[in-house]
């Protein structure tokens, strides 16, 4: 697990080459605190910062270059089946390097793991950048007439390319979803290499290729065996490995499987000292006691949020307003004191229909549930819509359920995935950009369930995995996701829908396959998000800071991106008796405003 960056010069006669090497390494150092290095080989300039996990000796330091300077590589990630591919290798870096020399892109299908990498063949003057199947590891790139530049994060890439204008298409998308999505980024001319894609350059010709497509096939394997094998592979390391344990079904299954292979497993959870509605740590402790793991619970108070919020906001790469990222940031900060690698349950909700939106979509055409929603809504009229109480949250979800009744399949997914509507974002930005936003939700012809693929393409790749990567790597800790072994993903995609969801239960097959592992209460409890008590904190102790500092009226008007009147209305709503989703929307504005400040030197003035 590392940070990578670099440049491939299309023309050997380029006279002006980047030379502020230490700045790039400094900007990536949090991703790789154990070793930092750069090398220039032929037409390539490679940077690498290393988090040592497998083969912690200097033999696996990068950039990885052969003795004759014929081939060079920088690699971020893990190849978990490296011993099967090359039994005598010291580590996965060496295995990937040799495969690329001998097989080039043909080796990608053999890799079981997550990765982004760049590979240069000096003899053939060819260059390759590639990204793993599901986007666990990030990669941004910029292409102009002289060079292709790439990086794990935006700031190093902007150092290599120079300042860029903000991309309004992505700004609109960010305020719709609370995160950026698709191949475009928040900057014009900077692109995200999409999951399962690579770029090659040969003889000056640039090709973008989608190398991975899930396979449609008859299911012959057992999920329990597949997931157990995935967990076992992801426990490989030459450093301490633990497991995140939220108390939800997914992380509990992973932890219970892991302890069979690692009896001294350490598990970690986070809770809230004074917010019982948001605190799930008792379920995590129940599971830890049941499986007999060495468990630590970290309890957050409001003062922890206040003390850590500024460094948290300062480390955000592309604007990202999923507020549970703060929990992930703090959990990683605490966990790093004990281990260097942690397993997580990411991916199960997308693969096995675990979100509330999946149930809403499933029940959408069921007359009985539409009738019950009509009855329940007026009965809850005394309770205001909010994420901060059980009844308020029920009313909020019933309201959303009623709103999707006359929408088509794509419109329903868009609505349930979004935090804000088009009209709300237009009120904030002054203009719309629906074409790019709509394009994100388009899929080509497929044999799989379209909802499943959209979950993988958008929610998983651009929200959940961004959260897991950016805010764990900020503390130099590697997150591994056993549910995202490609064999488990393809198994899930090939499942019949009734094995995932019915009118009474979600994640049906996980109940069926793994209930023997855990206390009954874990499978009977309702789904709970990894959320913050944002509405309370932003409307009380932090409200003065919100409006006087983070969202200062003069500052926002001078910047010219956002409509201050809309923001003021959000702040009125958040302190009212009917806050709705105002906290999530206001948080997106706060994150963007701090992001503008953090990236000020890299932003070209807008017209």
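The values are calculated or read from the model by the stated rules, or taken from the named source; none is laboratory data. Model, not experiment: these values are computed from the prediction. Note that we place each Cβ from the backbone using ideal geometry, even for glycine, and neighbour counts take in every protein chain shown.
So here's what we get for this one:
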| read-out | value |
| --- | --- |
| For residue 140: the one exception among (1) farther than 29 Å from residue 109 by Cβ; (2) assigned by TED's automatic domain parsing to the domain that holds residue 78 | (1) |
| Count - residues of the stretch 496-523 that are under 16 Å from residue 224 (Cβ atoms) and in a helix (DSSP H, G or I) | 12 |
| Verdict on residue 551 being buried (at least 19 other Cβ atoms within 10 Å of the Cβ), touching a helix residue (DSSP H, G or I) at 6+ places or on another chain (Cβ under 6 Å), at pLDDT below 90 and closer than 30 Å to residue 601 by Cβ | no |
| Selection count, the stretch 116-131, where residues are in contact with a helix residue (DSSP H, G or I) (Cβ under 9 Å, 6 or more places away or on another chain) and crowded, with 23+ Cβ neighbours inside 10 Å | 3 |
| Helices (runs of 4 or more DSSP H) wholly inside the stretch 537-607 containing at least 2 residues that are more than 30 Å from residue 159 (Cβ to Cβ) and more than 28 Å from the chain's Cα centre (by Cα) | 553-559, 564-574 |
| Enumeration of residues in the stretch 206-225 that are in contact with a helix residue (DSSP H, G or I) (Cβ under 7 Å, 6 or more places away or on another chain) and in a loop (DSSP other than H, G, I, E, B) | 211, 214, 215, 219, 221 |
| Residue within the stretch 216-223 that is crowded, with 17+ Cβ neighbours inside 10 Å, over 24 Å from residue 105 (Cα atoms) and touching a residue at least 12 places away in the same chain (Cβ under 8 Å) present | yes |
| Scope the stretch 23-51; condition in contact with a strand residue (DSSP E or B) (Cβ under 7 Å, 6 or more places away or on another chain) and within 19 Å of residue 477 (Cβ to Cβ); matching residues | 28, 29, 31, 32, 34, 35, 36, 48, 49, 50, 51 |
| Test for residue 57: is it modelled with pLDDT under 90 and either exposed (fewer than 14 other Cβ atoms within 10 Å of the Cβ) or within 20 Å of residue 141 (Cα to Cα) (or both) | no |
| Residue list for the stretch 524-536, restricted to those being surrounded by 15 or more Cβ atoms within 10 Å (Cβ to Cβ) and outside any loop (DSSP other than H, G, I, E, B) | 534, 535, 536 |
| Some residue of the stretch 475-497 being free of Cβ contacts under 8 Å to residues at least 12 places away in the same chain and touching a helix residue (DSSP H, G or I) at 6+ places or on another chain (Cβ under 9 Å) | no |
| Residue in the stretch 403-419 that is modelled with pLDDT under 80 and surrounded by 15 or more Cβ atoms within 10 Å (Cβ to Cβ) present | yes |
| Any hit, the stretch 439-449, residues being at pLDDT below 95, touching a helix residue (DSSP H, G or I) at 6+ places or on another chain (Cβ under 8 Å), surrounded by fewer than 18 Cβ atoms within 10 Å (Cβ to Cβ) and not in a loop (DSSP other than H, G, I, E, B) | no |
| Subset tally (residues that are surrounded by fewer than 18 Cβ atoms within 10 Å (Cβ to Cβ) and farther than 22 Å from residue 230 by Cβ) for the stretch 258-274 | 2 |
| Sole residue being out of contact with any strand residue (DSSP E or B) (no Cβ under 8 Å at 6 or more places or on another chain) and not in a loop (DSSP other than H, G, I, E, B), chosen from 103, 78 | 103 |
| Strands (runs of 3 or more DSSP E) within the stretch 226-301 that include 1 or more residues under 26 Å from the mean Cα position of the chain (by Cα) and over 30 Å from residue 56 (Cβ atoms) | 266-272, 294-300 |
| Some residue of the stretch 21-41 being within 25 Å of residue 103 (Cβ to Cβ) and in contact (Cβ under 8 Å) with a residue 12 or more places away in the chain | yes |
